[in-house]
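Okay, so here's the structure we're looking at.
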Amino acid sequence: MKKLIVGNWKMNLSIRQSLVLADRLEINIEKPTADIVVCPNFISLHAVSHELKESKIKVGAQNINNNDDGAFTGEISGPMLKGLAKYCIVGHSERRVNFGEDDEQISLKVSAAIRNGLTPVLCVGENLNQRHEGLAKRTVLDQLAEDLSELTIKEVSKVVIAYEPVWAIGTGESAEPYDVEQMINCIHKFLINKYQSEIARKIRILYGGSVNSDNALSYLNAEFCGGLLVGGASLNYRQFSKICQL
Ligand code: PGA
């Protein structure tokens, strides 16, 4: 299966700046070796989606409300994203930590994405304490079990999973490729046991956390690694273009 590279632009860039970045990526990514997705902020999503309409670069949202409509001030729902985004990041650790999203809520968001024809990029990962206490695998598997609990087996096969150790996000402190490979293997085995190997084979498992154009290949080469979720380096068109053409 082709690898997937997702750029998470987070709460950065004006509409104009987002369009400039989208344009530069479109020009510089001539021979992509992977499927590519960029996730602009909600304000820029419409413009970027329009700009990249005919492009090999697909567009994703950074969040989704679990309801399809209603009195949820400031929120964005799945039906609103239809036609604008093909992917949606769900359960990013910045949302878990800063906005109190728990696994129950995240499971409903994953379900909302699937219901509305979006591919959820479900983020899981342990924090530093959990890692030090030897609870990294337990934490990630517990998150996965609950976050996928609303889906049928068939729906699970449509999910993308991103393993993002919280301590490696935005810190410049990337995880050791060997450790990442171990965790991805563990997730893969969990999926085989809980669902079927046929389903597990269809699910791309990405790594994310301080990925840049220098270390990207070391993760992409890990067994069962289905691609990368890139934050900071995705705002730099040279770096991101390079990662997409490794
Ligand atoms: P980072 O972010 O690459 O800046 O560490 C990754 C992410 O938040 O998905």
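Read-outs throughout are calculated quantities, based only on the coordinates presented, and are distinct from any laboratory measurement. None of these values were measured; they are calculated from a predicted model. Cβ sites come from the backbone with ideal geometry, for glycine too, and all protein chains shown count toward neighbours.
General observations
- Among Lys53, Lys109, Lys154: highest mean-square fluctuation, GNM of the chain, C-alpha pairs under 10 Å: Lys154
- Where the Cα pairs of the chain fall when distances are cut into 5 Å bins, in %: 1, 7, 15, 19, 21, 18, 12, 6, 1, 0
- Sorted by Cβ neighbour density within 10 Å, fewest at the top, the residues Tyr87, Tyr207, Tyr195: Tyr195, Tyr87, Tyr207
- Applying the Kirkwood pairwise sum to the alpha-carbon positions of the range 149-246 produces a hydrodynamic radius of 14.0 angstrom.
- Taking each DSSP H run with n ≥ 4 as -39500 (n - 2.57) and averaging over every residue of the chain yields -12000 deg cm²/dmol at 222 nm.
- Gaussian network model of the chain, Cα within-10 Å springs - most flexible of Gly226, Gly83, Gly208: Gly83
- With semi-axes defined as the square roots of five times the eigenvalues of the C-alpha gyration tensor, the equivalent ellipsoid of the range 1-76 measures 25, 15, 10 Å, largest first.
- Cross-link reach list, aspartates and glutamates versus Lys82, counting only Cα pairs under 12 Å and skipping chain neighbours closer than eight places: Asp68
- Percent RCO, i.e. relative contact order, over the chain, from Cα pairs under 8 Å lying at least 6 residues apart: 21
- Euclidean distance between Cα centres, the range 228-245 to the range 103-140, Å: 23
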